[in-house]
Each structure stands twice: as C-alpha cells, then as structure tokens.
1. Which one of K274, K285, K102 has the biggest mean-square fluctuation once the chain is modelled by GNM with Cα springs under 10 Å?
2. Based on the alpha-carbon gyration tensor of the range 153-270 and its eigenvalue square roots a ≥ b ≥ c, which shape applies: rounded if a/c is under 1.5, prolate if not and a/b is larger than b/c, or oblate?
3. Could you give each residue of the range 172-183 its phi-based ³J(HN,Hα) in whole Hz, using Karplus coefficients 6.51, -1.76, 1.60 with θ = phi - 60°, and x for Gly or Pro?
4. Where does the chain land at 222 nm, in deg cm²/dmol rounded to the nearest 500, when only DSSP H runs of n ≥ 4 count, each adding -39500 (n - 2.57), divided by all residues?
5. What FRET efficiency would be calculated for the residue pair N59, N115, taking the C-beta separation as r and a Förster radius of 45 Å, to the nearest 0.05?
6. Considering the values (1) 195; (2) 179; (3) 154, which represents volume of the Cα convex hull per residue in Å³ as calculated for the structure under consideration?
7. Taking θ = phi - 60°, what integer Hz values does the Karplus form 6.51 cos²θ - 1.76 cosθ + 1.60 yield along the range 43-48, in sequence order, with x for Gly and Pro?
8. Name the long-range amide H neighbours of G43: under 5 Å, sequence gap of 5 or more, or other chain; modelled H, no Pro or chain starts.
Amino acid sequence: MKTLFSSLLTVCSISLLHAQDLMIASPKVTSYKNAAASGPSAGSYKIGSQVKLVEKSANGKFYKVSQDKGATGWITSTQAVPLNKPTTKEVALAVARSYNAKPSESGTANVEVENWLKALKADKTLTPIESAEVEFFRLVTIQRIARSIPFGTNQLKAWTDSHKKEVYYSDYGNAGHFLQQDLLWKLEATVPATDPLKERIAYEASQLETGGECEGYWVCVLDRALSKSGEYLKRHPKGKNANALVQSVLEEFKYSDPAETKTYDAADKKMVKKSANDWKNILSKTADSADKKQLIAILNKF
C-alpha cells in the first residue's frame, strides 16, 4: 500500500510539474537544446510570454520549457517566474517592476520591453494606478532606448520615426535622442497625491537627461533647473527627495558667478531676475536647511 501511495504521489508531482505555467522575465531569452547557458539554440522567447515547465535540471539551475506554437528548450531558472499569483496581470506587474529595477542597457532589448509594456497597458483589468505605473515604466524604457542610439547614426531609425511624439533629437552640446520630459510631468499629474508613485515619477522627471548644454549661461542654467529639480520641488516641497534636490541645485549653482549677468542685455537680465524669483518662491515652501540658506543667498545676487 505504501509503495502504491508513493507511486501516486510521484505521478501527481510529475503532473503538477508538467502543468506549471511560467512567464518569461527577461528580454531576448534564448533557449538551448541542452541544460546549459550556451550551445545549439532551440529558439527564443520574449519578455512577458508564457511557457510551460516541462522539466528541471538536477541542480535546479535550468528549466526545460515549451510553448504550444513555439520553441521547446532549456533556459536558466532566473529567466522565468511561476504564474502562481491569482492573476496573470499581477505576475506581469511584478516582472515589469523587477526589470525596471535592473534594466538591460541594450537598445534592442528595451525595444522588446517597450512593446510588451504597451501590450500590457491594454489590459482592461489594470487599475488607474497600475496603468499609470506601466506607462511610467514604458516612458523610462523609451529614454533608455533613445540614449542607447549612438549620436549621428541611423541606428533604430524605424523606432525613432515611430516615436516622434515621444522622442526629440538634439545635435548641440549633450547631443542625441531624448524622451520628451513633459510626458513624465503630465503622467505625474494624473496620479493621486496619496500614492507613492506620484513622487517617484516626479523624481524620475527631475533626473531625466536632456539635450543641449548651458555652459554657465545663467538664463539657461536657471530655466533648465526650474524645469527639472524646480518642478519637482514645486509639486513635492516636502517630498522624500526634496532635500537632496536642494543640495544638488546648490552644487550646480555655486560654481558659476552671478556677477556675469552684468554683461547681459536688458531682456536677459529680466529673464534671470524672474527665474531667480521663481526659485525663491519654490524654496519658500521647502524645509529649512543650510543648503537652502546658501542657495537663497546666491539667488539674491541676481
């Protein structure tokens, strides 16, 4: 009887193993004919695609997986996660969060990820916050793709042509392709003030790499800082990153001399004065600190 019971348990375990569904958690996953991370290829899978677990290697480091209309081969166990949550959407969101924390630097890999995130956003079961989070991941992925394109090349031209509303090109100073910063600020505005995602999007927007360089020209320096750290501080004066941004703006400003504005024409002097006043109004709502005091002292020189 014990032998029969043990046999039944083994059969049940094998059945469960064979029935287990997984989701691919990395872009450009190549499967192999053998339980190894190299060798003859058996096909590939895209991030977010679903596969069935067929077999595990003896050491558990490799999974043999299959698709009904796709490849059957071995992948590493870290390249897929079990669909063991109540909904596929929850697993997909977990994969998206994990990838965003440690993204690939490859432009083509991120193109695959962006396509998947675009498809994921079409899921009607997403809550408004979840939809905003997926769009946030998509936008920062677009920035990674844009910044991976070598300056002055036609690499990923088809992609850039299809993203003209999201990506701009600068051939001055810090040259190349960049995400339109305003897309992140518009997205941040849709998120309720009580949700941590709102501050997270704002901080990402404040840190976004942008095209061109100011080269110490105060009209540009003040205005650019207002559009990034200043915009964050205006929206989140008590945010968790507020003090750090005040400090970073101080570091940026203190190495340039406000006296240089004496050589500016009347229009530029007026613009500098307005930007300096805008900065002081923003800082008036932030927490007091030594950095804030020094920054205001600089702004008072204009």
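1. Its mean-square fluctuation being the largest, the pick is K102.
2. Here the range 153-270 falls in the oblate category.
3. Rounded to whole hertz, the list is 10, x, 6, 8, x, 9, 9, 6, 5, 4, 4, 4.
4. Value at 222 nm, helices only: -15000 deg cm²/dmol.
5. 0.85
6. This structure yields the entry labelled (1).
7. Computed from phi, the couplings for the range 43-48 are x, 8, 9, 9, 4, x Hz.
8. S31
Taken together, the values in this text are just the output of simple stated rules run on the coordinates, not laboratory data. If you're wondering where the values come from, they're calculated on a predicted model, not measured in any experiment. All Cβ positions, glycine included, derive from the backbone under ideal geometry; neighbour counts span all protein chains shown.
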